[in-house]
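Input: a single structure, listed below in structure tokens.
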Amino acid sequence: MNKAQHEELLSGIRDSINTSLQEMVGSEEYPNITKIEANEDFTNFTVTTKNKELDFAETLGIVTFYMCGGMYAVFSGKEVENVHVDYVNADSGEIIDSGTRRICTRKFRTETLIPCIIL
């Protein structure tokens, strides 16, 4: 795969991740999430919620953000150490919770990067 093809692949992956994140906003599973923002390499997320404390779905949903960061790292070929998520209350603008997980990308003999999340 040449550099242009790789960038086209990454562009498609970014679009897919961003679409998936936006589909979470206000969905049946996440009715209180009003906005999700991510940086370019999906290592930092800001999730805005109507809640003052995270509900069960939002608590479990953090794994989605960790996986997005890990998977993007695999395809980009960049080593990522951490993925960080801040949950912000929509009314106050205050961070009500946050989480950081170490993401490692391991190279195996085939030079394939495999993400693992260290919980």
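What follows draws every value from the coordinates through simple rules; no lab data is involved. Just so we're clear, the structure is a prediction, and the values are computed from it rather than from any experiment. In this analysis, Cβ positions are derived from the backbone assuming ideal geometry, glycine residues included, and neighbour counts consider all displayed protein chains.
What the table below lists for this structure:
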{"quantity": "Tail beyond 18 Å, pair distance distribution of segment 3-118 (Cα, percent)", "calculated": "52"}
{"quantity": "Residue exposure sequence - PHE56, PHE65, PHE75 - by fewest surrounding Cβ within 10 Å", "calculated": "PHE56, PHE75, PHE65"}
{"quantity": "Within the chain: Cβ-based charge dipole about Cα centre, in debye rounded to nearest 20 (Lys, Arg +1; Asp, Glu -1)", "calculated": "580"}
{"quantity": "Which of ARG14, ARG102 has the fewest Cβ neighbours within 10 Å, and the rest in rising order", "calculated": "ARG102, ARG14"}
{"quantity": "Sequence of SER16, SER76 once ranked by neighbouring C-beta atoms within 10 Å, starting from the fewest", "calculated": "SER16, SER76"}
{"quantity": "Neighbourhood charge, 10 Å Cβ-Cβ cut-off, centred on GLU29 and excluding it, Lys, Arg +1 and Asp, Glu -1", "calculated": "-3"}
